[in-house]
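Below you'll find the structure, written out as structure tokens, and then a few comments.
The values are calculated or read from the model by the stated rules, or taken from the named source; none is laboratory data. Here the structure is a predicted model, which is why all the values come from computation and not from measurement. Note: ideal-geometry Cβ built from the backbone for every residue, glycine included; neighbour counts use all protein chains shown. Quick note on the areas: whole protein, heavy atoms, side chains included, nothing else; ligands and nucleic acids left out. Shrake-Rupley method; radii C 1.70, N 1.55, O 1.52, S 1.80 Å.
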Amino acid sequence: MYFCNRKHTFLYIIMSEQTKDTSKEKELSVHKVRSVQAAISDGYRLYWRNFGRIVRGSWPSALLYALSLGLAMAYYFTTVVPGMMTMAAAPQSTLGSLATWAGLMAVYALTIALFICSAGFAPLREHAATDAIGRPAKWWGRWPLSLTGRALVLAIWIAIASAIGIAVIGLIIWGLILAMGTQSSAAPITASITALVLGSVVTLALLPLTITCIDRMMAPRFSLAPPLKGYGKAARQLGRLIVTSLVVWLVASTASALATLPATILTMADMVATTGAMNGDPVDMPQPLFWFFFASFALGGFLQAYIHLSTLFPFYYLWGSGKGDK
């Protein structure tokens, strides 16, 4: 009789723990309307509660991201910057180094898309379907190549929209300067204020695309068309988007500044040395400078990747809230 009671008690404890886990998962379900405060807090809760599983599923792509960042920045500061200082003497060599650096940055952009999808959108698609983020099936994590293709297409559309906005601002400022006269002392101040105002307007106009792009990434099927479907509904959440953007930017920028502090210090020291060299002073930087830059940016980039990734999760709940708000 005592053994049976112990057995029943043990089973009751197990069932209670399972019920608690299920209730926690339902509590963080994306399929309900949330306030902006709840979206931000639940986004961070979901991220940190599943942080171990997210890292296990994305550490290879995060490593590729960090290595590509370290390589690109080390090459830039040790080859491109010195080459630009002597561009008049060897223009072809400098152009060649710029082309190489552009190729490295293209690889870096690909690793960004792969990391965001393996660490962000792949787990979030699973969570939207099951209210849970599972462990990756393989030790080498997730490699969602089709989602990465989606992210690259959307990034191209965002870049096109941003370029159009910048071009429109440039034309307006150019016309304003011509109307005021190039010799007018008030032209630079007026142009700066106009650029600030118009830049803010363009930024606010692009902000709803955050929701439409998440919707395209979460959809079962993908279209190559611009991510404008649902823009009007997303624009009605503009106030919520602004508040969320400010909060996550403040958190991410503060943590990122601490994570990249060694790279920042090394960059500032190199800038001082480069400025001194341009003025004829002897360069007093360590010889294996390439590897110092590579190590500092790679380490900072690995930490920075997961810091910036956390900003996606509050917007995920804003997307879900908009889906549930009829």
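A few remarks follow.
- Computed over region 108-236, the ratio Rg/Rh where both radii use C-alpha atoms and Rh is Kirkwood: 1.16
- Stretch gain in nm, segment R56-L299, where the contour uses 0.36 nm per residue and the Cα spacing is subtracted: 85.7 nm
- Burial ranking of peptide ranges 149-157, 165-173 (average Cβ count within 10 Å, highest at the top): 149-157, 165-173
- Percent accessible area from carbon and sulfur atoms, region 222-274, protein chains only, probe 1.4 Å: 80 percent
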